[in-house]
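The values are calculated or read from the model by the stated rules, or taken from the named source; none is laboratory data. All figures in this text were calculated on a predicted structure; none of them were measured in a lab. Note: ideal-geometry Cβ built from the backbone for every residue, glycine included; neighbour counts use all protein chains shown.
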Amino acid sequence: MTLFLSDAKLKSVLLLIIITVLAPLTLSGQISLRVEILGLKSSNGQILLELSNEKGEKISSFIQTIEENRSVIVIKNLVPGRYSFKYFHDQNKNQILDLNRAGIPKEGFGFSNNAKGTFGPPSFKRTIFLLTGDTTLKCTPTYY
């Protein structure tokens with residue numbers, strides 16, 4: 001019995017090792033998160049959404065149109081982990097959550113897990129969700 005492999009067998013073994021090692025790396029960034037924001041007050045303006053990791057570090061921001069009082073944002077190439085997001089209905093497209101004189105939002109807003117706060121935003125911990133595969137989250141904004 002010989003311990004040496006032919007060139008063809010060696011190439012096959014190396015290819016198998018490369019596929020075994022690299023496949024999990026290429027598949028790990030293939031998760032998509034679909035955020036459906038329903039029940040918007042109007043189709044005017046746009047949705048601004050900020051995605052963060054579980055440490056509260058901003059990963060990315062999105063601006064999406066509104067059609068028929070709803071907006072859908074698809075975030076691709078995420079890795080499994082814990083995430084959070086916040087969003088608001090930027091009715092006048094100034095990219096600022098407008099507040100009244102008392103500091104209360106004049107535009108609709110929301111958080112992942114449809115988390116609500118009392119006299120302010122919810123704790124960040126309440127907005128964190130686990131992403132392990134392609135996921136759709138449905139959210140309803142709060143308007144005052």
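Which one is nearest to Pro80 (Cα to Cα), of the residues in the range 125-138 that are among the charged types (D, E, K, R) and touching a residue at least 60 places away in the same chain (Cβ under 8 Å)? Even if it seems obvious, please write down each step before you answer.
As a first pass, look at the range 125-138 and keep what is among the charged types (D, E, K, R): 125-126, 134, 138.
Keeping just the survivors that are touching a residue at least 60 places away in the same chain (Cβ under 8 Å) gives 134, 138.
On the way: Asp134: 10, Lys138: 19 Å.
It comes out as Asp134.
Which residue out of Pro105, Pro141, Pro122 is surrounded by 15 or more Cβ atoms within 10 Å (Cβ to Cβ) and without any contact (Cβ under 8 Å) to a residue 12 or more places away in the chain?
Pro122
What number of residues in the range 70-95 are without any contact (Cβ under 8 Å) to a residue 40 or more places away in the chain and either under 20 Å from the mean Cα position of the chain (by Cα) or not in a loop (DSSP other than H, G, I, E, B) (or both)?
So the answer is 4.
Given the structure, is Glu50 surrounded by 19 or more Cβ atoms within 10 Å (Cβ to Cβ), acidic (Asp, Glu) and in contact with a Phe, Trp or Tyr (Cβ under 9 Å, 6 or more places away or on another chain)?
Judged against the criteria, Glu50 is not a match.
Under the condition of being of a type in the set (Val, Ile, Thr) and in a strand (DSSP E or B), which residue from the range 53-65 is surrounded by the fewest Cβ atoms within 10 Å (Cβ to Cβ)?
Ile63
Hey, any hits in the range 1-17 for a residue that's modelled with pLDDT of 95 or more and over 17 Å from Glu107 (Cβ atoms)?
No: the range 1-17 contains no residue that is modelled with pLDDT of 95 or more and over 17 Å from Glu107 (Cβ atoms).
Among residues belonging to the range 124-144 that are over 18 Å from the mean Cα position of the chain (by Cα) and assigned to a loop (DSSP other than H, G, I, E, B), point out the one that is farthest from Ile59 (Cα to Cα). Full working, then the answer.
Taking the range 124-144 as the starting set, the residues that turn out to be over 18 Å from the mean Cα position of the chain (by Cα) are 142-144.
Add one more test, that the residue is assigned to a loop (DSSP other than H, G, I, E, B), and what stays is 143-144.
Numbers: Tyr143: 26, Tyr144: 29 Å.
Residue satisfying both the conditions and the ranking: Tyr144.
Take the range 66-78 and flag every residue that is closer than 20 Å to Pro141 by Cα and surrounded by 11 or more Cβ atoms within 10 Å (Cβ to Cβ).
Ile66, Asn69, Arg70, Ser71, Val72, Ile73, Val74, Ile75
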